[in-house]
Amino acid sequence: MTPASETSTVSTCDVLVIGGGPAGSTVSAFLAEQGHQVVLLEKAHHPRFHIGESLLPANLPLFERMGIADEVKAIGMYKAGAEFVSPHHRWTQRIEFAEAWDKSMPHAYQVPRAAFDHILIKNAARKGATVHEGCKVIGVEFQGDGEGATVTARNDDGVERQWAARFVVDASGRDTFLANRFKIKERNPRHNSSAVYGHFRNAVRNEGAIEGNIAVHWFEQGWFWFIPLADGITSIGMVTWPHHMKSRGQRSLEQFFLDNIAQSPKLQERLTHAQLVSKVEATGNFSYISKRCHGANYLMLGDAYAFIDPVFSSGVWLAMHSGLVGAQTIDTCLRQPQQAQAALKRFDRVMRHGPRAFSWIIYRMTNPIMRDLLMTPRNDFRVKEALLSVLAGDIFGKTPIWPSLFAFKAIYYAGNFVQPFRAYTAWKRRRHNIRAVEDTALYNA
């Protein structure tokens, strides 16, 4: 491909990637490995904190393919499955990934994202991508007719640089750089959530092989995640309605967080002797989608395109898989331009499929009928195996889970039919809760 070159003002490259998180680092590594000249611009400096510490089993074959499996294992907490804890049920329901349809992916890892993302961006550099950290993209000008773009970025020292790129990748995460520029980012009308989170030491964990299981604790206003990490720290997060954030009043964010934990007795019990060791932070407007994910000379990957909810830890997997498919797409566009339209069409299908596969369950996660199904799983029509396959991230391959998932949906709708008052009450309450709240001060410490 075109070799790197510089003039006095503008550098050139085949592909310029905006953002050095999982999506950006993955697409950069694969493209560089394929011989393309890749420039990766990351506004922060690694290692840097990021939320989203739970990986899926489907990630692991990709780690092997990238040559980073041992590095990830070294920082990871073994995750055999998950557990659901409901205030309306006397028991804890545990599920194991080994019981999914495909038995070849029986576990995943919980990882500190600072270390994990650092591994990924170092791998991109090792594969040949030119990585610039502390370099924030501030502008992009597309030339039209698929002729590439000029990207302007500013270093931490204030110095501006420009690159002329044949292809641009937006992997800027929730900054959604291109979606904001094109004004195509839309609030997801079917879902709306906020998150408040912090790290604790000395939380009570399971013992043995299930110590690293992620736990979901439902409470009246949403749910909590409980993610054990290998260094003894446990990540706790509350996912709730923005409407509920308004009840914070004059309380500090930390006090609001702790007061809500107290509403989940079983979670509170696990944190009785735990110490909060981080600042409590919050983020709003979790759910959005962009009207499109590509153009003639750009792609939008991972969270730069869409995000729904963190409930099934899908974010990192969808980001990295989009990086893999994005690299295949760009390689085709640059080497075989006559096949570019077909490649972009395939990319579009994959990008829409990922969020759609998770969203049906996510939208119903706090519904009491869905909660009952998750707390009392049965394998009629292999629905349990299919559902576990989705939770493992096995949604892009050839595993024949879709008829069983259709059966699971039918069972859910049948439950609504035989419990109409309960179903209507839950629908009405959810419709009330997902109303938009624009007060950004709610998320300040």
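Tabulated data
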| read-out | value |
| --- | --- |
| From phi via Karplus (6.51, -1.76, 1.60), per-residue ³J(HN,Hα) for the stretch 187-198 in Hz, x at Gly/Pro | 4, 6, x, 9, 7, 6, 8, 10, 9, 10, 8, x |
| Under-5 Å amide H pairs with Tyr298, H placed in peptide plane, nonlocal only | Val168 |
| Most fluctuating residue given options Ile330, Ile227, Ile51, as computed from a GNM of the chain linking Cα atoms under 10 Å | Ile51 |
| Rounded to 5, the percent of DSSP beta bridges in the chain classed as antiparallel | 70 |
| Estimated 222 nm signal from helices in the chain, with DSSP H stretches of n ≥ 4 weighted -39500 (n - 2.57), rounded to 500 | -11000 deg cm²/dmol |
| Full-extension gain in nm, Thr376 to Glu147, via 0.36 nm per residue minus C-alpha separation | 76.9 nm |
| Fully extended contour minus Cα-Cα distance, from Arg48 to Ser104, at 0.36 nm per residue | 16.9 nm |
| Global form of the stretch 337-445, assessed from the alpha-carbon gyration tensor, a/c cut-off 1.5 | oblate |
| Separation of the Ala209 and Gln93 label points, Cα + 7 Å toward Cβ, nm | 2.2 |
| Cβ-Cβ FRET estimate between Lys398 and Arg292, R0 fixed at 22 Å, reported to 0.05 | 0.20 |
| Within a Gaussian network of the chain (alpha carbon springs, distance under 10 Å), most fluctuating of Trp91, Trp163, Trp218 | Trp91 |
| Label-point separation, Arg154 to Ile184 (7 Å along Cα→Cβ), nm | 2.6 |
| Nearest-ten-degree value, helix 22-33 long axis tilted from longest Cα axis of the chain | 40 |
| Extension gain from Ala445 to Lys428, taking 0.36 nm per residue of separation minus the Cα-Cα distance | 3.0 nm |
| Vicinal HN-Hα couplings computed from phi for the stretch 220-231 (Karplus, 6.51 cos²θ - 1.76 cosθ + 1.60; Hz; Gly/Pro x) | 4, 10, x, 7, 10, 9, 10, 10, x, 10, 5, 8 |
| Gaussian network model of the chain, springs between alpha carbon atoms under 10 Å - residue of Phe347, Phe381, Phe286 with greatest fluctuation | Phe381 |
| Exposure proxy order (Cβ contacts within 10 Å, fewest to most) of Tyr363, Tyr109, Tyr305 | Tyr363, Tyr109, Tyr305 |
| Estimated FRET transfer efficiency (His132, Glu64; beta-carbon r; R0 35 Å; 0.05) | 0.80 |
| Value of relative contact order over the chain, rounded to a whole percent, pairs C-alpha under 8 Å and six or more apart | 20 |
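Readers should treat all values here as calculations from the given coordinates under stated rules, not as data from a laboratory. Small disclaimer: the values here were computed from a predicted structure and weren't measured. Positions of Cβ are backbone-derived with ideal geometry, glycine not excepted, and every protein chain shown enters the neighbour counts.
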